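Okay, structure first, notes after.
The values are calculated or read from the model by the stated rules, or taken from the named source; none is laboratory data. Everything numeric here is computed off the predicted structure, so don't read it as measured data. As a convention, Cβ positions derive from the backbone with ideal geometry for all residues, glycine included, and neighbour counts pool all protein chains shown.
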Number of protein chains: 2
Amino acid sequence: MEKNGSIVPAEFPELKNETFLRAAQGEQTEYTPVWCMRQAGRYLPEFRETRAAQDFFATCRSPEMCCELTLQPLWRFPLDAAIIFSDILVVPQALGMEVVMVPGKGPTFPEPLKEVEDLLKLQQKVDVAAELGYVFQAITLTRHKLEGKVPLIGFSGAPWTLMSYMIEGGGSNTMAKAKAWLYRHPEASHRLLTLLTDVIVDYLVGQVAAGAQGGTEEGRGLKVAPMLQALQLFESHAGHLGPEQFAEFALPSIRSIAKRVKNKLLEDALPAVPMIIFAKDAHYALEDLAQSGYEVVGLDWTICPQDARQRTGKDITLQGNLDPCALYAPKEKIGELVKKMLEGFGSQRYIANLGHGLYPDICPEHVGAFVDAVHIHSRHLNKCS
Amino acid sequence: MEKNGSIVPAEFPELKNETFLRAAQGEQTEYTPVWCMRQAGRYLPEFRETRAAQDFFATCRSPEMCCELTLQPLWRFPLDAAIIFSDILVVPQALGMEVVMVPGKGPTFPEPLKEVEDLLKLQQKVDVAAELGYVFQAITLTRHKLEGKVPLIGFSGAPWTLMSYMIEGGGSNTMAKAKAWLYRHPEASHRLLTLLTDVIVDYLVGQVAAGAQGGTEEGRGLKVAPMLQALQLFESHAGHLGPEQFAEFALPSIRSIAKRVKNKLLEDALPAVPMIIFAKDAHYALEDLAQSGYEVVGLDWTICPQDARQRTGKDITLQGNLDPCALYAPKEKIGELVKKMLEGFGSQRYIANLGHGLYPDICPEHVGAFVDAVHIHSRHLNKCS
């Protein structure tokens with residue numbers, strides 16, 4: 001498993017649970033697979049222990065730590081997928097920007113982009129393997145340590161979301177500075193979005209390469225190959241845009257990333273992997289997202305399951321969308337809400353998840369209740385149908 | 001105008017510009033009326049000067065200051081309505097909660113509601129005239145000083161939005177504490193929402209009484225009486241709820257407030273006033289909002305004008321919804337965006353506005369460009385149709 005001291009992607013254990021991948025590819029499943037956004041997170045005491053007193057981005061740069069954090073929720077819950085522990089802001093770092101995690105405040109850019117001229121300070125050509133190789137190593141290591149238990153999902157932030165962080169310098173209620181760029185400097189905005197798109201394509205392809213069976217024949221071309229991972233693109237700040245700005249500044253990059261990643265995987269003889277687009281609060285773009293080249297569309301909790309099915313058609317897998325706050329409810333109530341959600345989406349072409357990431361004060365037992373409820377109720381639904 | 005030293009609502013000047021009221025009541029207008037949420041705000045240098053070094057809530061309690069701040073934008077722009085300067089958090093104050101404005105942080109409750117038992121600390125019976133009389137005085141004074149230039153809009157926060165502030169103790173990205181109440185303590189939540197609803201009904205009726213022609217015959221029963229004001233209910237935190245929680249915890253109070261305010265105005269022989277509901281990010285509830293007893297539905301900028309018309313039908317006036325950040329664009333671009341918005345909504349049964357309040361760093365000149373563009377393009381549209 002180690003060659004010359006570095007972790008190489010070879011001889012991965014056989015995948016034992018394909019349910020998530022089957023659902024993502026539109027195949028029948030015995031039950032509805034389930035995972036949770038931010039399942040490797042602060043709500044777990046063991047996560048807080050591992051992370052204690054460590055700098056956040058130092059953790060992201062340690063393949064061993066990322067591997068451990070990724071696996072933690074799987075020891076507790078019968079989840080159907082793992083997602084590599086990392087952060088969407090490693091991409092702006094790869095472009096040369098400093099990002100620090102300020103406790104109690106969140107990620108902060110000491111020098112955000114202020115003027116259009118600041119774009120020149122960014123790396124115009126990024127060697128993704130050099131800058132983000134630590135993520136690839138974490139993926140390779142985790143794929144071994146997972147022992148084929150479940151598939152591993154890689155991810156990236158989408159260009160508009162990353163652009164908004166790079167301009168705002170951190171969180172913002174309105175994203176007014178970043179949106180001012182879109183209205184004042186549309187051309188410079190497109191330049192930045194294109195730069196981000198280029199890096200993200202290489203980054204996602206690199207993740208598949210790191211987690212894939214190194215270009216062997218067996219992983220290729222099969223609709224569900226046991227060695228596949230999946231990829232999710234997070235457009236977390238979609239809701240700040242209206243329909244027109246989304247169509248102009250977010251959707252083109254989202255489409256381009258799916259297309260280019262797929263072409264590149266084919267060119268590089270890497271396995272095809274299902275791709276998930278999660279554009280939070282982009283209710284106005286559901287139809288477009290369903291046609292944007294992704295196998296799966298992730299939904300936030302403001303979308304009614306029945307409406308989502310009707311608006312996206314039958315040829316797409318949906319993922320989501322329980323309100324994370326629903327996990328504050330008593331366990332019986334969680335069961336009822338999951339049942340209703342499953343009845344809304346149907347148990348097929350569906351991956352259960354939350355409509356956003358888990359919050360730090362959610363009780364792990366309630367996460368377990370959510371996962372169990374999905375498995376139990378979906379098996380029941382499948383039997384009845 | 002003053003009797004025994006207090007401001008009394010009598011002998012208001014005749015209204016010269018009824019365009020806003022006509023549109024709100026569904027009557028034909030020569031051009032599309034326009035106002036801006038938070039038009040009396042920090043983006044105006046004269047506002048910052050008047051407010052300088054004054055405590056925010058002390059300003060809210062001064063009828064003279066509120067009057068001055070309310071009128072400021074009208075000296076600059078040909079707006080078709082004024083909205084009384086105040087804050088939605090005066091209602092939690094009336095219930096006995098302390099709220100302070102922390103510069104750079106926003107409104108803060110030193111002792112937010114933590115446990116269900118904390119509800120007992122709230123005033124269970126609020127004498128609205130005693131607690132919020134300063135707002136009524138500000139309205140009466142402003143109605144005189146307005147000299148009939150345009151109608152004056154009163155407002156309140158809606159129950160769920162106020163409840164969420166009272167529990168969160170200030171702003172929040174997720175409203176997770178307040179939403180935890182809805183999932184864990186649904187009965188206590190309903191008790192709090194009912195308490196708020198009761199106060200809000202009295203508060204809104206009191207605002208009409210303060211701004212109305214003191215119960216004379218002429219103001220009553222007419223569809224558009226020159227002395228009417230209007231009322232807007234702000235459900236600013238609707239987007240944090242999903243469709244089911246909105247239907248359970250927000251919509252019933254919204255409906256009840258419209259019904260009870262209208263009944264009470266009739267009982268008290270006060271004029272009927274058009275009511276506006278603005279539930280930000282409640283895209284999932286547009287049809288319900290159109291049927292909730294309000295003459296006008298306000299929209300945020302994530303809703304496509306054509307979709308809104310189609311979903312709400314022809315018997316409702318729509319208000320909104322330019323992205324406030326669009327005012328960062330060059331003036332010509334603002335004109336183009338306004339034209340597109342007007343073509344989407346149509347120039348009738350429509351009140352132009354932003355999709356949210358004006359931000360502090362927006363250039364006043366660009367607000368002027370927005371207002372002018374609405375007037376020019378809607379007159380043109382009316383001529384062509």
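Overview of values
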quantity: Only listed residue being surrounded by fewer than 19 Cβ atoms within 10 Å (Cβ to Cβ), touching a residue at least 60 places away in the same chain (Cβ under 8 Å) and not hydroxyl-bearing (Ser, Thr, Tyr), chosen from B:PRO151, B:PRO107; calculated: B:PRO107
quantity: Per-region count, the stretch B:250-271, residues surrounded by 17 or more Cβ atoms within 10 Å (Cβ to Cβ), over 15 Å from B:ASP202 (Cβ atoms) and aliphatic (A, V, I, L, M); calculated: 3
quantity: Any chance A:GLU187 is at pLDDT 95 or above and within 14 Å of chain B (Cβ to nearest Cβ); calculated: yes
quantity: Of all residues making up the stretch A:183-196, the number that are buried (at least 19 other Cβ atoms within 10 Å of the Cβ) and touching a residue at least 60 places away in the same chain (Cβ under 8 Å); calculated: 5
quantity: Condition check for A:LYS333: within 12 Å of another protein chain (Cβ to nearest Cβ) and either over 23 Å from the mean Cα position of the chain (by Cα) or modelled with pLDDT under 95 (or both); calculated: yes
quantity: Whichever residue in the stretch A:112-126 is part of a loop (DSSP other than H, G, I, E, B) and more than 22 Å from the chain's Cα centre (by Cα) and, among such residues, is surrounded by the fewest Cβ atoms within 10 Å (Cβ to Cβ); calculated: A:LYS125
quantity: Residue within the stretch A:292-300 that is more than 18 Å from the chain's Cα centre (by Cα) and at pLDDT 95 or above present; calculated: no
quantity: Filter result (away from chain A (no Cβ under 14 Å) and crowded, with 18+ Cβ neighbours inside 10 Å) within the stretch B:349-367; calculated: B:ARG349, B:TYR350, B:ILE351, B:ALA352, B:ASN353, B:VAL367
quantity: Residue in the stretch B:256-279 that is touching a residue at least 40 places away in the same chain (Cβ under 8 Å), within 11 Å of another protein chain (Cβ to nearest Cβ) and of a type in the set (A, V, I, L, M, F, W, C) present; calculated: no
quantity: Any hit, the stretch A:100-111, residues being more than 25 Å from A:PHE278 (Cα to Cα), part of a helix (DSSP H, G or I), out of contact with any His (no Cβ under 7 Å at 6 or more places or on another chain) and of a type in the set (Asp, Glu); calculated: no
quantity: Residue among A:THR317, A:THR312 that is at negative phi and without any contact (Cβ under 8 Å) to a residue 40 or more places away in the chain; calculated: A:THR312
quantity: First in the stretch B:155-182 and at positive phi and more than 9 Å from chain A (Cβ to nearest Cβ), second anywhere and assigned to a loop (DSSP other than H, G, I, E, B) and modelled with pLDDT under 95, Cβ under 9 Å, 6 or more apart; calculated: B:GLY170/B:LYS105
quantity: Those residues of the stretch A:242-258 which are touching a helix residue (DSSP H, G or I) at 6+ places or on another chain (Cβ under 9 Å) and over 15 Å from A:HIS190 (Cα atoms), in sequence order; calculated: A:GLY242, A:PRO243
quantity: Some residue of the stretch B:63-77 being closer than 21 Å to B:PHE155 by Cα, at pLDDT 95 or above, part of a loop (DSSP other than H, G, I, E, B) and hydroxyl-bearing (Ser, Thr, Tyr); calculated: no
quantity: Residues of the stretch A:256-284 that turn out to be within 16 Å of the chain's Cα centre (by Cα) and part of a helix (DSSP H, G or I), as a count; calculated: 3
quantity: Breaking point among (1) in a helix (DSSP H, G or I); (2) within 14 Å of chain B (Cβ to nearest Cβ); (3) modelled with pLDDT under 95, for A:THR140; calculated: (2)
quantity: Considering residues of the stretch A:274-301 that are in contact with a strand residue (DSSP E or B) (Cβ under 6 Å, 6 or more places away or on another chain) and among the aromatic types (Phe, Trp, Tyr) only, the residue nearest to A:ILE257 (Cα to Cα); calculated: A:TYR294
